[in-house]
């Protein structure tokens, strides 16, 4: 039992570190793939975490990723922090619901990618009181679908190689 | 992926395509503006007043921290420099289109947005600098005086 707990902690620490690094690398070195659509590399870690460890751990990893990556880039509590928090919050909610519904990994990834974009746009609309920004949504929706497939495929490749610690592993 | 999930993904893509088609074929109505020389603020605590002269094209406002810091005419070619939260931004206006030529920030999304005109749906937004470049009529709704 003690070994199991230690293993979970080690996994949680590693996954959190990976999510933070991927988030920083993506925002600083990779940038948008086209228009405003980003790959969402850190979403791979969120998908892997919920399948490997569970819902609670996924929330911890996502929260750590937003707070620490923004803290390390000197943007904590700035507009970009709230925008990424909005995106992560909505995608985490979608992830939890789809996990309960036992959806496939690929579909979960696509919906999370979409929810991430929608969450960010919602925060921008509220931040700037500018509903016209919502016009970017169709572009983001179209871009999020292929990005969701890419992150979902990557997460599947990872999960095929690691034995989950979670007892009630969905599909 | 299950069949139902494929269908749902297809519906989302279709909805996005329909929204894009709707935006392309039913563009928003152009607002009518009055007033030709760019007006820039000296006082960062207050919005610059809307120019009274009629613009040759349309008056475009540069909003920072909910204050209009510059009005420029979309039909007058030129370059304008404004200060944002992180650093300076250079806006170039040419052939009734404008874009961010230079910007001091870590993101450059506003620069990547390219040339924007009065027909464009999206305004130019620089989040790190808290700058929005938008038509004057809409700007007046989002600023505090």
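Please give the Cα centre distance for the stretch A:25-77 versus the stretch B:47-89, rounded to the nearest Å. Value for the Cα centre distance between the two parts: 35 Å. Inter-chain Cβ neighbour count for B:3-11, averaged per residue, equals 3 (cutoff 10 Å, partner chain atoms only).
Counting only other chain Cβ atoms within 10 Å of each residue's Cβ, the peptide A:135-142 averages 6.
Could you give the angle, 0 to 90 degrees to the nearest 10, between helix A:105-128's Cα long axis and the longest principal axis of the Cα atoms of chain A? The angle comes out at about 40 degrees. Pull out a ≥ b ≥ c, the square roots of the eigenvalues of the alpha-carbon gyration tensor of the stretch B:76-115, then state rounded if a/c is under 1.5, prolate if not and a/b is larger than b/c, and oblate in the remaining case. Oblate shape, in that a/c is at least 1.5 and b/c is the bigger or equal ratio.
Inter-part distance, the stretch B:1-21 to the stretch A:6-23, computed on C-alpha centroids, equals 34 Å. With the gyration tensor restricted to C-alpha atoms of the protein assembly as shown, the semi-axes of the equivalent ellipsoid amount to 42, 22, 14 Å, longest first.
The C-alpha atoms of chain A define a longest principal axis, and helix A:79-100 lies at about 50 degrees to it. Between residue A:101 and residue B:137, the FRET efficiency estimated from the beta carbon spacing at R0 = 41 angstrom works out to 0.35.
Rule-based calculations on the coordinates, nothing more; no lab input. For clarity, every value in this text was computed on a predicted model and none was experimentally measured. Quick reminder, even Gly has a Cβ in these numbers, built from the backbone with ideal geometry, and neighbours come from all protein chains shown.
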